[in-house]
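Engineer: Structure incoming, see below.
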Amino acid sequence: MDSHYDQVMKQRASAGQGVKRYFAYSTILDRTAFLEWRSQHGYDFFDLPLGKLAEALDVAVVFDFPSRFWGGRVAGLKDSKGEAVFGRLFEISEKDWAVIQHKEGAVTGMSVEKPVKVKLEGGEVVDAIAFATNPVRASTDGAVSPNFVQALTRGAKSAGLPDAWVQKLSASASG
């Protein structure tokens, strides 16, 4: 467990009873890696639901956060009219939202919550929250992390995202 565990547990204890829609597009979709992270941080009580295939509208993936852990830049989201990002839409209880915030780096200030419009397979469009790089920490200096892109691609495959999207992510290692 790390120093953020107590902070997360305090937030859980005071959380409401509602549900938040969470659009995930990054490495959290790699179930094996997520389960390992969850265990390392003491959150074995939390299960990420299956979620639904979804597409965030008018955004694009951008590699704008230099990560020491990953050894290069990792993905965030940027507004981009007409583009879309594939991922999964999860319903997360407010009680467990702090676990998602920790996983996504909001607890450390690496990322910020970003409201997005998400289209589901049937065409319904709903509001959700994704995570994007905190603008004060964004940078395109250095190379994209090949290890991160591998994890991103592995997660996209295991989450059942479209093959063309998986190929696009895989090709981003050179960007």
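The values are calculated or read from the model by the stated rules, or taken from the named source; none is laboratory data. Keep in mind that this is a model prediction, so the values were computed, not measured. Don't worry about glycine lacking a Cβ; one is built from the backbone with ideal geometry, like all the others, and counts go over all protein chains shown.
Engineer: If I go through the range 15-64 residue by residue, how many of them are among the acidic types (Asp, Glu) and within 25 Å of TYR5 (Cβ to Cβ)?
Structural biologist: We begin by selecting, within the range 15-64, every residue among the acidic types (Asp, Glu); these are 30, 36, 44, 47, 55, 58, 64.
When the remaining residues are screened for being within 25 Å of TYR5 (Cβ to Cβ), the result is 30, 36, 44, 47.
Qualifying residue count for the region: 4.
Engineer: Return a yes/no flag: does the range 82-102 have any residue that is of a type outside the set (Val, Ile, Thr), outside any strand (DSSP E or B) and loosely packed, with under 14 Cβ neighbours inside 10 Å.
Structural biologist: To start, the set of residues in the range 82-102 that are of a type outside the set (Val, Ile, Thr) comprises 82-84, 86-91, 93-98, 101-102.
Filter once more, keeping what is outside any strand (DSSP E or B): 94-98, 101-102.
Narrowing the set further to residues that are loosely packed, with under 14 Cβ neighbours inside 10 Å leaves none.
Checked against the condition, which is being of a type outside the set (Val, Ile, Thr), outside any strand (DSSP E or B) and loosely packed, with under 14 Cβ neighbours inside 10 Å, the range 82-102 yields no hits at all.
Engineer: Right, next: In the range 1-46, how many are touching a residue at least 40 places away in the same chain (Cβ under 8 Å) and in a loop (DSSP other than H, G, I, E, B)?
Structural biologist: So the count comes out to 13.
Engineer: Can you work out which of the residues in the range 12-30 that are closer than 29 Å to PHE63 by Cβ and out of contact with any Gly (no Cβ under 8 Å at 6 or more places or on another chain) is surrounded by the fewest Cβ atoms within 10 Å (Cβ to Cβ)? Write out each step before concluding.
Structural biologist: Here is the first cut: in the range 12-30, the residues closer than 29 Å to PHE63 by Cβ are 20-30.
Narrowing further to those that are out of contact with any Gly (no Cβ under 8 Å at 6 or more places or on another chain): 20-22.
Details: LYS20: 16, ARG21: 18, TYR22: 26.
This residue is LYS20.
Engineer: Considering only residues that are in contact with a helix residue (DSSP H, G or I) (Cβ under 6 Å, 6 or more places away or on another chain) and either in a helix (DSSP H, G or I) or modelled with pLDDT of 95 or more (or both), look in the range 104-136 and name the one that is nearest to ASP163 (Cα to Cα).
Structural biologist: Once the filter is applied, the top-ranked residue is PHE131.
Engineer: Tell me the residue from GLU121, GLU83, GLU104 that is in contact with a Leu (Cβ under 7 Å, 6 or more places away or on another chain) and of a type in the set (Asp, Glu), please.
Structural biologist: Values: GLU83 fails: in contact with a Leu (Cβ under 7 Å, 6 or more places away or on another chain); GLU104 fails: in contact with a Leu (Cβ under 7 Å, 6 or more places away or on another chain).
The unique qualifying residue is GLU121.
Engineer: Can I ask one more? Quick check on ASP58: is it among the acidic types (Asp, Glu), over 16 Å from MET110 (Cα atoms) and modelled with pLDDT under 95? Outline the logic, then answer.
Structural biologist: Numbers: among the acidic types (Asp, Glu): yes; over 16 Å from MET110 (Cα atoms): yes; modelled with pLDDT under 95: no.
No: the conditions fail for ASP58.
Engineer: Hey, does the range 137-146 have a residue that's in contact (Cβ under 8 Å) with a residue 12 or more places away in the chain, of a type in the set (Gly, Ala, Ser), under 22 Å from LEU48 (Cα atoms) and not in a helix (DSSP H, G or I)? Don't jump to the end; show me each part of the working.
Structural biologist: Of all residues in the range 137-146, those in contact (Cβ under 8 Å) with a residue 12 or more places away in the chain come to 137-146.
Now narrow it down to the ones that are of a type in the set (Gly, Ala, Ser): 138-139, 142-143, 145.
With the extra rule that they be under 22 Å from LEU48 (Cα atoms), the set shrinks to none.
There is no residue in the range 137-146 that is in contact (Cβ under 8 Å) with a residue 12 or more places away in the chain, of a type in the set (Gly, Ala, Ser), under 22 Å from LEU48 (Cα atoms) and not in a helix (DSSP H, G or I).
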